[in-house]
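Working notes, beginning with the structure itself.
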Amino acid sequence: MNYLLEVDNLRTYYYSKKRIVPAVDGVSFHLEKGEVLGLVGESGCGKSTVVRAITGLIDPTYARVEEGTALFCDADLLKMKEKELSKIRGKEISMVFQNPLSALNPVYTIGNQLTEALTTHFSVSRKEAQDRAVELLRLVHIPSPETRLKEYPHQLSGGMQQRVLIAIALACNPQLVIADEPTTALDVTIQAQILDLLKELRSRLGMAIILITHNMGVVAAMCDRMLVMYGGVVVEEGSCRTVFASPSHPYTKGLLASIPSVTEDRQRLYSIKGQVPVFSVPVSQCRFSDRCESCTERCRKEEPPLFSLPNGSKCRCWLMEERQGKEND
């Protein structure tokens, strides 16, 4: 099957004087055209590093892609030179960053920043670019778009700024949009509006989306499939319906248990003990072992592979090997 994006064995390490940190350590996944894929996990799990590596946005002074392939429309993004990548970024693959006020340039108007993407990748006149910019602002439901083009980012609310970022990302009709925590800096009502907007645009334009988030509720509302990441690796993978109905990895179970429920009367929410550790190369243990309530001696000495499960999911846990053994018996 021809996938829009197929990443295989991606390894991206950060280098310091004291250690080599495997920020992404053997991640593989695929993305179909028009699909929404969620990358889930706490801060420091490697979610953003995955997409920054495949789009060439990591800083080579302290980070390096060690190995792997990232085939986008059968072309390997990891083997492209910066000039080749710059023709794809913004045109075929675009990105919605986490903090809109930081992502938008404060000294340029909204119109300048919208038309820049168009004039960089297409031979269009200034009038054509302006007309397209107005059309894009209407597409993301910004009122009075002609007026907004003349305004600066600080004159817009946080929700409006995020809509402008989405408009910039859609300027060149990309096949893939990467949304890196697009609702984190927004209040709850605006979050819902932005998610509804992304769903509407996905349905209307048929683009694929990689959604990076730590919010399982956002994944449930938006995504077709999900990858749960921890310590630079995928610990669980599957369709959202399957993973939410029957989570397999202890980390996934912990994330789901920490979500507030309107049907349960709990005085205190469940929380996973500890924090995401910083690993060094090589890793010779289950990365979740220090925080896992089901940890065994084997977990502390040997890292499990990604086991395939009968329900179509995958899980990186030694408990899955025991389960498969019992089912075979």
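Laboratory data are not the source of any read-out in this text; all were calculated from the coordinates shown. Predicted, not measured: the structure shown is a model, and the values here were computed from it. Every residue, glycine as well, gets a Cβ built from its backbone with ideal geometry; the counts of neighbours run over all protein chains shown.
Given region 65-174, what whole percent of its Cα pairs are spread farther than 21 Å?
Details: 2364 of 5995 pairs.
Roughly 39 percent, rounded to a whole number.
Which three lengths, in whole Å and largest first, does region 1-114 cover when its Cα atoms are put on their principal axes?
42, 41, 30
Taking only the alpha carbons of region 234-311, what extent do you get along each of the three principal axes, in Å, biggest first?
43, 31, 20
Which distance in Å, rounded to a whole number, links the C-alpha centroids of region 152-191 and region 12-87?
Using only Cα atoms, the two centres lie 22 Å from each other.
Mind computing the radius of gyration and Dmax over the alpha-carbon atoms of region 158-217? Å is fine for both.
When restricted to the Cα atoms of region 158-217, Rg and Dmax are 11.0, 30 Å.
Go through 171-184, 247-260, 223-236 and give me the packing order, highest mean Cβ count within 10 Å leading.
Details: 171-184: 21.5, 247-260: 18.7, 223-236: 24.7.
Taking the mean over residues of other Cβ atoms within 10 Å, the ranking is 223-236, 171-184, 247-260.
What is the antiparallel percent of DSSP beta bridges lying wholly in the chain, to the nearest 5?
Working: 29 of 48 bridges.
DSSP beta bridges in the chain are roughly 60 percent antiparallel.
Calculate, in whole percent, how much of the Cα-Cα pair population of region 103-151 lies beyond 12 Å.
Numbers: 699 of 1176 pairs.
Of all Cα-Cα distances in region 103-151, 59 percent exceed 12 Å.
Using alpha-carbon pairs under 8 Å, 6+ residues apart, how would you state the relative contact order of the chain in percent?
The normalised contact order for the chain reaches 20 percent.
Hey, in the GNM for the chain with a 10 angstrom Cα cutoff, which one of Glu35, Glu82, Glu297 fluctuates hardest?
The residue with the greatest mean-square fluctuation here is Glu297.
List the residues whose amide H sits under 5 Å from the amide H of Ile209, counting only those 5 or more places along or on another chain, with H placed 1.01 Å from N in the peptide plane.
Under 5 Å from the amide H of Ile209 lie the amide H atoms of Glu35, Val36, Leu37, Val177, each far enough along the sequence or on another chain.
Looking at this model, which pairs from Lys33/Lys81; Lys17/Lys79; Lys17/Lys87; Lys127/Lys199 are more than 32 angstrom apart at the alpha-carbon? Spell out each step's value before the answer.
Working: Lys33/Lys81 25 Å; Lys17/Lys79 27 Å; Lys17/Lys87 35 Å; Lys127/Lys199 30 Å.
Correct reply: Lys17/Lys87.
What helices does the chain have that are whole DSSP H segments, at least 15 Å long along their own axis by Cα, and with mean Kyte-Doolittle hydropathy of 0.5 or more?
The qualifying helices are 158-170.
If you consider only alpha-carbon coordinates, what radius of gyration and Dmax does region 181-329 have, in Å?
Final numbers for Rg and Dmax: 17.3, 52 Å.
Take the Cα radius of gyration of region 1-63 and divide it by 2.2 N^0.38 Å, with N its residue count; two decimals is plenty. Intermediate results must be reported in sequence, preceding the final value.
Details: Rg = 13.0 Å, N = 63, 2.2 N^0.38 = 10.6 Å.
Normalised by 2.2 N^0.38 Å, the Cα Rg of region 1-63 equals 1.23.
How large, in Å, is region 119-227 by the Kirkwood hydrodynamic radius built from its alpha-carbon pairs? Kindly include the intermediate steps, with their values, before the conclusion.
On the way: mean 1/r = 0.0672 Å⁻¹.
Over region 119-227, the inverse of the mean reciprocal pair distance is 14.9 Å.
With label points built 7 Å along Cα→Cβ from the Cα atoms of Lys150 and Thr296, find their separation and express it in nm.
Spacing of the two 7 Å Cα→Cβ label points: 7.1 nm.
What area, in nm² and to one decimal, does the C-alpha convex hull of the chain cast on average over all directions? Please report the intermediate quantities before stating the final value.
Working: hull surface 78.1 nm².
Averaged projected area of the chain's Cα convex hull equals 19.5 nm².
With n ≥ 4 as the cut-off for DSSP H runs, can you work out [θ] at 222 nm for the chain, using -39500 (n - 2.57) per run divided by the number of residues, rounded to the nearest 500? Please list the in-between numbers first.
Numbers: 13 runs with 117 residues, N = 329.
Only helices count here, giving -10000 deg cm²/dmol.
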